[in-house]
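Just so you know, all these numbers are worked out from the coordinates, no wet-lab data involved. Bear in mind the structure is a predicted one, so any value in this text is a computation, not a measurement. As a convention, Cβ positions derive from the backbone with ideal geometry for all residues, glycine included, and neighbour counts pool all protein chains shown.
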Amino acid sequence: MFYIIFVEPESSGNIGSVARVMKNFGFYDLILVNPVEIDDQAYKLAVHAEDVLKSAKIVPTLEEALDFVDFAIATSANTSGGVLRNYTSVENLAEKISSDFKVGIILGRESSGLRNEEIEMCDTLTTIPADNRYPTLNVSHALAIILYEIFKVKKTKRVNPSKNKEMVEKDLLIEDFKKILEHVEDRKYRRDNALTVFKHVLTRGFNTKREVYTLKGIFRRIVLKFEGEF
């Protein structure tokens, strides 16, 4: 599940344009952080995505917005500042994200983007290569490119699941971890916290196939031990 998180949008028109792009590619969950008023201009530019605007969640801070997601992807026109250690290309993000995660794509302000401290709150950073003479894209245009890359992978997964075997393996790994937690922890809130941490670690590492398969084998043996089948 994907959330689009737009931080302090300065133009209602851009909110509408973002909503339109989201619906173009089948994304419906929009979170607005301390936005300007959503007026007629927003609905005019949203065209047929009025439902995305009407269902948008509005929160006062990025911290509250991040509570909705397991994994946060900051977007920026510049990766040279070294603010975030973990940079990933748009193509790689689309290939690596497991369907079991709630993922937030964080968009910055139209005039100044995300601040360094906001980028540091996220798990990884992505950017879209552009000409050095003018590398900053309009926020809705940048989002369109990111969602297009994710949409391609989602569509491929529906048509030919074998091409996304790594994603399936990660999902199965998470399911085994859930079963282990049920055996070792009685308190649900503790299980939920542990599962969230495990998702963060698993996704942030962008693990190799060998690493995922190795963990999968170990977790499967643990589950079988608990269930008395090994």
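Compute the length gained on full extension between ASN138 and LYS225: take 0.36 nm times their separation in residues and subtract their Cα-Cα distance, giving the result in nm to one decimal.
Details: separation 87, 0.36 × 87 = 31.32 nm, distance 5.39 nm.
Extending this stretch completely gives an extra 25.9 nm.
Checking the table LYS155/LYS188; LYS155/LYS178; LYS54/LYS102; LYS199/LYS225; LYS57/LYS154 against a 30 Å threshold on Cα-Cα, which pairs fail?
Working: LYS155/LYS188 35 Å; LYS155/LYS178 28 Å; LYS54/LYS102 21 Å; LYS199/LYS225 23 Å; LYS57/LYS154 24 Å.
Long pairs (Cα-Cα over 30 Å): LYS155/LYS188.
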Taking amide H positions as placed 1.01 Å from N in the peptide plane, with prolines and chain starts having none, which residues 5 or more places from ILE58, or on another chain, fall under 5 Å of its amide H?
LEU32
Looking at the range 2-159, what % of its DSSP beta bridges pair antiparallel, to the nearest 5?
5
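If you stretched the chain out fully between VAL201 and LYS57, how much longer would it get, using 0.36 nm times the residue separation minus the C-alpha to C-alpha distance? Spell out each step's value before the answer.
Values: separation 144, 0.36 × 144 = 51.84 nm, distance 2.71 nm.
Between VAL201 and LYS57, full extension yields an extra 49.1 nm.
Determine, from the Cβ-Cβ distance of SER112 and ILE145 and an R0 of 22 Å, the FRET efficiency 1/(1 + (r/R0)^6), rounded to the nearest 0.05. Don't skip to the end; give the middle numbers.
On the way: r = 20 Å, r/R0 = 0.92.
So the FRET efficiency works out to roughly 0.60.
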Rounded FRET efficiency, nearest 0.05, which uses the C-beta distance separating ALA130 from GLU50 and R0 of 35 Å
0.70
Full extension from LYS179 to LYS152: what is 0.36 nm times the residue separation minus their Cα-Cα distance, to one decimal in nm?
6.5 nm
Taking H placed 1.01 Å from N in the peptide plane, check which residues at least 5 places from ASP29 or on another chain put their amide H under 5 Å from its amide H.
ILE4
